[in-house]
């Protein structure tokens, strides 16, 4: 029987299929961690997700013989279009069985939707924007993904290519072991720490909204030239502050000021995937109790360096050249103190040589690669 593609719309049963289809796709995959249903349904809700204040989108489920066999979203980010004027629309949340017909049908449906709205190319996966999960995993299937990072079956990228999309960019996730740091990095840390005008503090958990505004001001300046960068809006920052407040660990955050001006930031997140891997997407009273115990009492054993940024004006001052090493060593020390034995720094773009070389010198190694694909909409 041929593949049938049905749009989500307001059909709650179809939303349930969108959420549950991954159970069959990733059955017996020990590395897969199902995202919380509430998290995904809120992301897809145009009333709850501030992304849709500057974007539009929809989602579909693929069926064969009446059973769900895949899913996808399509979205247009008008902030991206305003910045790049490249007529690119995005797809995301592409998960399918190893079936070229299913993957092709879903990508074709997303392409038709984007083309009807004036887009000239389809790009992805982005779930839903570049500031969230991006890329299809193409290397590193043997370890579970960290918080806010995607996971896929090894065949998924091949199905995307079979549907006519080609590689646009690769992105790296770097792994490192908290504890000892290279002598060179420690020396750079100590030199920065000795400068009287340099002050450092953790994020204040009692004032997350204002602290996040400081962090994003530095981040937006530091990352503005990075590939595909789109700054977060005020509404998105407020939503992020609300979400992060629940899991924020001040010990693995840093705000650096130089002569009183915010100059550099680093934000690490506890790896919630490690703590929710047995929840199967649910977050009821029992799961909430387990999560709080595992987060606050037992403590996570892994974490992700989610944001690291240095304002351009300070990057261009020679004496502050060790700021990135300073932050890395400080964060590494805190993670080790908290008992974390595994850490990830992600993501970086494949052709950002200065950053990638610096991470390697500080003891990191690439352990996962994510690929973004593109296809013209003829």
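The values are calculated or read from the model by the stated rules, or taken from the named source; none is laboratory data. Here the structure is a predicted model, which is why all the values come from computation and not from measurement. Don't worry about glycine lacking a Cβ; one is built from the backbone with ideal geometry, like all the others, and counts go over all protein chains shown.
For region 217-311, list the helices (runs of 4 or more DSSP H) that sit wholly inside it and hold at least 3 residues that are surrounded by fewer than 21 Cβ atoms within 10 Å (Cβ to Cβ); which are they?
Working: elements: 234-245, 272-276, 285-292.
Filter on region 217-311 gives 234-245, 285-292.
Give me the helices (runs of 4 or more DSSP H) completely within region 100-200, filtered to those with at least 3 residues that are closer than 21 Å to residue 371 by Cα, over 18 Å from the mean Cα position of the chain (by Cα) and outside the structural domain of residue 263 (by TED's automatic domain parsing), ordered by residue number. So that I can check it myself, show each step before the final result.
Values: elements: 100-115, 156-162, 183-193.
Once the helices (runs of 4 or more DSSP H) in region 100-200 are filtered for at least 3 residues that are closer than 21 Å to residue 371 by Cα, over 18 Å from the mean Cα position of the chain (by Cα) and outside the structural domain of residue 263 (by TED's automatic domain parsing), what remains is 100-115, 156-162.
Identify all residues within region 98-131 that are surrounded by fewer than 19 Cβ atoms within 10 Å (Cβ to Cβ) and either under 21 Å from residue 24 (Cα atoms) or without any contact (Cβ under 8 Å) to a residue 24 or more places away in the chain (or both); write none if there are none.
Scanning region 98-131 gives 98, 99, 100, 101, 104, 112, 116.
Would you say residue 330 is over 30 Å from residue 39 (Cα atoms), outside the structural domain of residue 149 (by TED's automatic domain parsing) and not in a strand (DSSP E or B)? Give the derivation first.
Numbers: over 30 Å from residue 39 (Cα atoms): yes; outside the structural domain of residue 149 (by TED's automatic domain parsing): yes; not in a strand (DSSP E or B): yes.
It is true that residue 330 is over 30 Å from residue 39 (Cα atoms), outside the structural domain of residue 149 (by TED's automatic domain parsing) and not in a strand (DSSP E or B).
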